[in-house]
1. Round to a whole angstrom and tell me the spacing of the C-alpha centers of region 1-15 and region 154-168.
2. Would you please calculate the Kirkwood hydrodynamic radius of the chain over all C-alpha pairs and express it in Å, rounded to one decimal?
3. Ignoring solvent entirely, what values of log10 I(q)/I(0) come out of the Debye formula for region 88-177 at 0.13, 0.25 Å⁻¹ when each Cα is a single scatterer?
4. Binning at 10 angstrom from zero up to the longest distance, how are the C-alpha pair distances of region 36-111 distributed in percent?
5. Less than 22 Å apart at the alpha-carbon level, and either on another chain or at least 8 residues along: which lysines does that give for residue 26?
6. May I ask you to compute the full-extension gain from residue 181 to residue 86, defined as 0.36 nm times their residue separation minus their alpha-carbon distance, rounded to one decimal in nm?
7. Based on DSSP H runs of at least 4 residues, each adding -39500 (n - 2.57), what is the mean residue ellipticity at 222 nm of the chain after dividing by all its residues, to the nearest 500 deg cm²/dmol?
8. Show the residues, 5+ positions off or on another chain, whose built amide H is closer than 5 Å to the amide H of residue 149.
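Read the figures in this text as sums done on the coordinates, not as results from a lab. Since the structure is predicted, the reported quantities are computational estimates derived from the model, not experimental observations. All Cβ positions, glycine included, derive from the backbone under ideal geometry; neighbour counts span all protein chains shown.
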Amino acid sequence: MTLSFWLILLAVLSYGVLHTLLASLKAKALTRHWFGRHTDRWFRLAYNFIATLTLLPILVLPVLLIDKDLYRIPLPWMIGTLVVQAIAVVTALISLRQTGITSFIGLQQLLLPEATDPPKLITHGLYRYVRHPAYTASLVFIWLFPIMTCNLLALNIGLTAYIILGAYFEERKMLMEFGEAYADYRRQTPMLIPGLRSGNRHRQV
């Protein structure tokens, strides 16, 4: 693999570790301790802003660094990959709508904190099939680019590791928040791959 490959992979993995730590309950508790409880109103929005701002330079790296093609999906098969990518985008948006897009972004907590509903465990709709439908859709999207280069491969590997790592840490928070209800849901529903069943139902992927 090229030097560009390893630089991009390292950048994405570093990004993933940093933002997984920032999204933790400990980070939120420390922020509340340092700046007061009012920080709960803007913490989610600030996190998403920082996550987006720091991801943009990483997304530019595959374009700026020396690269080489690994494969290109020809027509008409390329049309099929683009259609599935479009479906993945719609799926991600639907899953976010189920949990509340404004709440996910952090706007509701900032602008209408009194209208913010208590957290609810969502198990219907797309969440009947996987515990993280937006993550599943994201993985489908990034791996179905009709053109794959060495740099893009590094980006995809890093983002995949970040998504899986984020899912595990997110589930730790969900277990603390919803307890046995989420534990039951986790036993019944795969993490990322619909219909997947393993011998150990506690560790479905």
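1. The two parts, judged by their Cα centres, are 13 Å apart.
2. 18.8 Å is the Kirkwood radius here.
3. With one equal scatterer per Cα and no solvent, log10 I(q)/I(0) is -0.54, -1.32.
4. Per 10 Å bin, starting at 0, the Cα pair percentages come out as 15, 24, 33, 20, 7, 1.
5. Partners found: 120, 173.
6. Value of the extension gain: 30.9 nm.
7. -22500 deg cm²/dmol
8. Excluding prolines and chain starts, which carry no amide H, the hits are 70.
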